[in-house]
Amino acid sequence: MSRLPHLTPDDLDPEQRALYDEITGGPRAAGPQRFSLKDDEGRLAGPFNAMLVAPPAGQALQALGAAIRYETTLSDRVRELAILAVAARWASAFEQHAHEPHALAAGLTGAQVEAVRTGAIPDLADETERAALRFVSALLREEDVDDVTYAEVVPIIGNRMAVELTTLVGYYATLALQLRVFRVADPAGSGLR
């Protein structure tokens, strides 16, 4: 059971409602839906409900998430590989449930997704994808990227992608932590987080 109230639209004050409308009417709600942002009563799924509890922080967090998802140089495949690596590191069932369909839709294979779930770097034909995932894996494993790895991968991915990937890791680690602390159930029913 969640430690936070699961707010319906009728429970929201004006500041919360503005954030709710931004989440449900923004880029996350556009295009194909791989998982539902809200339930039948209009309550937000996953980390989005927690954002409503503290609207100023929630607004900043959702804006960062939207920028990471929709305004970076990351390809869909690189972005989803990185998100799934963070989900694996934090054992975040919600993030896995929400992003594995995006990864498959981006053209990753089931075997590649499974490899990332286990913490491995899958067989990837694309040099940029390999380098990006190597960068993210080092960051998750060591909480840093050593000089050798940095020197090998940044010439391939570039400084901008290195900054975007570092930001993505921090954002999704924050979500995983909130999902864990507030005991948010995985919508697939496989447990918490």
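Of the residues making up region 108-135, those that are modelled with pLDDT of 95 or more, assigned to a helix (DSSP H, G or I) and surrounded by 15 or more Cβ atoms within 10 Å (Cβ to Cβ) are Gln112, Val113, Ala115, Val116, Thr128, Glu129, Arg130, Ala131, Ala132, Leu133, Arg134, Phe135. Name the residues in region 136-145 that are loosely packed, with under 11 Cβ neighbours inside 10 Å and not in a helix (DSSP H, G or I), would you? Hits for region 136-145 are Glu143, Asp144.
Does region 31-39 include one or more residues that are farther than 29 Å from Arg130 by Cα, free of Cβ contacts under 8 Å to residues at least 40 places away in the same chain and of a type outside the set (A, V, I, L, M, F, W, C)? Yes: one or more hits. Among the conditions (1) under 19 Å from the mean Cα position of the chain (by Cα); (2) open to solvent by less than 20 Å² (accessible area, probe 1.4 Å), Gln96 misses just one, which is (2). Out of all the residues in region 57-74, is one or more open to solvent by less than 50 Å² (accessible area, probe 1.4 Å) and among the basic types (Lys, Arg)? Checking region 57-74: at least one residue is open to solvent by less than 50 Å² (accessible area, probe 1.4 Å) and among the basic types (Lys, Arg).
Sort out for me the helices (runs of 4 or more DSSP H) sitting completely within region 24-107 that have 3 or more residues that are modelled with pLDDT under 95 and within 24 Å of Ser137 (Cα to Cα). Show your work before the answer.
Numbers: elements: 47-53, 55-70, 76-89, 93-105.
In region 24-107, 55-70, 93-105 are the helices (runs of 4 or more DSSP H) which contain 3 or more residues that are modelled with pLDDT under 95 and within 24 Å of Ser137 (Cα to Cα).
Is it the case that region 152-161 has a residue that's assigned to a loop (DSSP other than H, G, I, E, B) and over 25 Å from Pro27 (Cα atoms)? Write out each step before concluding.
As a first pass, look at region 152-161 and keep what is assigned to a loop (DSSP other than H, G, I, E, B): none.
Checked against the condition, which is being assigned to a loop (DSSP other than H, G, I, E, B) and over 25 Å from Pro27 (Cα atoms), region 152-161 yields no hits at all.
When Ala66 is tested against (1) closer than 16 Å to Thr174 by Cβ; (2) more than 16 Å from the chain's Cα centre (by Cα), exactly one condition is not met: (2).
The requirement of being open to solvent by 50 Å² or more (accessible area, probe 1.4 Å), in contact (Cβ under 8 Å) with a residue 12 or more places away in the chain, among the aromatic types (Phe, Trp, Tyr) and out of contact with any His (no Cβ under 7 Å at 6 or more places or on another chain) is fulfilled nowhere in region 165-172; no residue meets it. Confirm whether Leu84 is aliphatic (A, V, I, L, M) and open to solvent by less than 20 Å² (accessible area, probe 1.4 Å). Spelling it out, Leu84 is indeed aliphatic (A, V, I, L, M) and open to solvent by less than 20 Å² (accessible area, probe 1.4 Å).
The values are calculated or read from the model by the stated rules, or taken from the named source; none is laboratory data. Quantities reported herein were computed from a predicted structural model and do not represent experimental measurements. Every residue, glycine as well, gets a Cβ built from its backbone with ideal geometry; the counts of neighbours run over all protein chains shown. We work out accessible area using only protein heavy atoms, side chains counted, and drop any ligands, DNA or RNA first. Shrake-Rupley method; radii C 1.70, N 1.55, O 1.52, S 1.80 Å.
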